[in-house]
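Remarks on the structure that follows.
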Amino acid sequence: MIRVLGSEVTIIKCASSPLMVGLRGTVALESMRMLTIVSSGSRSMIPKKGTVLQIRGTNELVIADEMKGRLEERIAKGAEL
């Protein structure tokens with residue numbers, strides 16, 4: 001199970017806001033439909049739908065669409081992503 005919370009990421013694709021592509025920061029919060037990324041003291045709310053993240057260090061790609069529901073629910077179910 002990939003957990004992005006606390007990870008340094010770069011936004012590779014963001015369907016709802018193409019201006020967010022290239023944003024780098026730390027995933028500070030994950031809700032059912034949104035990710036909050038902190039970068040240079042500012043916070044950006046990014047919808048999971050239509051977003052692809054690259055985890056820095058491992059270069060692993062994460063398709064946020066597949067992160068359905070809340071993190072705690074996915075952990076409880078043992079679901080992938």
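Just so you know, all these numbers are worked out from the coordinates, no wet-lab data involved. Remember, it's a predicted structure, so these values are computed and weren't measured experimentally. As a convention, Cβ positions derive from the backbone with ideal geometry for all residues, glycine included, and neighbour counts pool all protein chains shown.
Among (1) 50; (2) 54; (3) 60, only one was calculated for this model; which label is it, if the read-out is percent of Cα pairs over 15 Å apart?
Recomputing percent of Cα pairs over 15 Å apart here picks out (1).
Would you mind computing, in nm to one decimal, how far apart the modelled labels at GLU73 and VAL38 are, each placed 7 Å from Cα along Cα→Cβ?
Roughly 2.6 nm, to one decimal.
Report the extension gain between LYS13 and GLU66 in nm, rounded to one decimal, defined as 0.36 nm multiplied by the number of residues separating them, less their alpha carbon distance. If you can, show how the numbers build up before the last one.
Working: separation 53, 0.36 × 53 = 19.08 nm, distance 1.41 nm.
Additional length available on full extension: 17.7 nm.
In debye, nearest 20, what is the charge dipole magnitude of the chain about its Cα centre with +1 on Lys and Arg Cβ and -1 on Asp and Glu Cβ, if you could check? Don't jump to the answer; show the numbers that get you there.
Details: 12 positive and 8 negative charges, 36 e Å.
Charge dipole, the chain, about its Cα centre: 180 debye, nearest 20.
Please turn the phi angles of the range 58-71 into ³J(HN,Hα) values with the Karplus equation 6.51 cos²θ - 1.76 cosθ + 1.60 (θ = phi - 60°), one per residue in order, whole Hz, x for glycine and proline.
9, 6, 6, 8, 10, 8, 5, 4, 7, 8, 5, x, 7, 3
So which of LYS49/LYS77; LYS13/LYS77; LYS48/LYS68 end up more than 18 Å apart by C-alpha?
Details: LYS49/LYS77 21 Å; LYS13/LYS77 28 Å; LYS48/LYS68 9 Å.
Distance filter (> 18 Å) returns LYS49/LYS77; LYS13/LYS77.
Of the options ALA28, GLY41, ALA15, report the single residue whose Cα projects farthest towards the positive end of the charge dipole of the range 8-77 (beta-carbon charges: Lys, Arg +1; Asp, Glu -1).
It is ALA15, whose Cα lies furthest towards the positive end.
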